[in-house]
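Working notes for the structure below.
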Amino acid sequence: MPSPGQLLGTYEITSLAGKGGMGEVYRARDTRLKRDVAIKLLPAEFSRDPERVSRLQREAEVIASLNHPNIAGIHDLQEAEGSSFLVLEFVEGDTLADRLSAGPIPLRESLEMAKQLCEALSSAHEKGIIHRDLKPANIFSDPNSSKQRRETELRCDERWRFLINKVKEAGSTPLGIVLNWPSLLEK
């Protein structure tokens, strides 16, 4: 586990930003380009597992295939000190989970957030990409751009392509699929 001030390649770790199933995310400083980035680091034991490294490679390729203002981008895929990691765009701001814990979000703001999230997901879905871990903790509100951006742990999953096509054909959500945005709205 890196500590503040430690270098991973040309990236200086500044703080731990979060933990997830595939590893930890750190805020870091790109010492060459003088910008803040997010480092998604596989733990050393995962970095020795060819399947996990392959999944990280596929994740990097999927993220790199996306270009949307509401989807955080990728800068690089690297290895340093025995660990593989992604270098991602760092998004300032709170997660949707943080916002919701503070109480209901006003209706107008909720609708704008929902619109921006739907636009980002639609962009990914058009390329056959499904985000398999979409939750409030993975959705960020960037106060600097007032754009909704989501963490880009996107996966292409063949089993879900039929759903994308059904939604496109129907022009709405198919029967049996429930979208839960009303629970996020101000009451």
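For residues that are without any contact (Cβ under 8 Å) to a residue 24 or more places away in the chain and within 19 Å of R27 (Cβ to Cβ), scanning just the stretch 38-86, find the one that is surrounded by the most Cβ atoms within 10 Å (Cβ to Cβ).
L77
So R27 ticks every box in (1) surrounded by 13 or more Cβ atoms within 10 Å (Cβ to Cβ); (2) farther than 18 Å from G73 by Cβ but one. Which box is left unticked?
(2)
Could you tell me whether the stretch 135-158 includes any residue that is more than 21 Å from S15 (Cβ to Cβ), modelled with pLDDT under 85, of a type in the set (A, V, I, L, M, F, W, C) and out of contact with any strand residue (DSSP E or B) (no Cβ under 6 Å at 6 or more places or on another chain)?
yes
So, of the residues in the stretch 82-110 that are among the hydroxyl-bearing types (S, T, Y) and assigned to a strand (DSSP E or B), which turns out to be modelled with the highest pLDDT? Outline the logic, then answer.
At the first step, the residues of the stretch 82-110 found to be among the hydroxyl-bearing types (S, T, Y) are 83-84, 95, 101, 110.
Applying the additional criterion that residues be assigned to a strand (DSSP E or B) yields 83-84, 95.
Numbers: S83: 87, S84: 91, T95: 88.
Taking the candidates together, the pick is S84.
Looking at S122 and the list (1) among the polar types (S, T, N, Q); (2) surrounded by fewer than 20 Cβ atoms within 10 Å (Cβ to Cβ); (3) in contact (Cβ under 8 Å) with a residue 12 or more places away in the chain, which single condition is not satisfied?
(3)
Of all the residues that make up the stretch 7-37, how many are free of Cβ contacts under 8 Å to residues at least 24 places away in the same chain and either among the hydroxyl-bearing types (S, T, Y) or outside the structural domain of I63 (by TED's automatic domain parsing) (or both)?
Residues meeting the conditions: 3.
Do we find that R52 is within 19 Å of Q6 (Cα to Cα) and among the basic types (K, R) in this structure?
Here the answer is no, as R52 does not meet what is asked.
The values are calculated or read from the model by the stated rules, or taken from the named source; none is laboratory data. The model shown is predicted, which means the values in this text are computed figures rather than measured ones. As a convention, Cβ positions derive from the backbone with ideal geometry for all residues, glycine included, and neighbour counts pool all protein chains shown.
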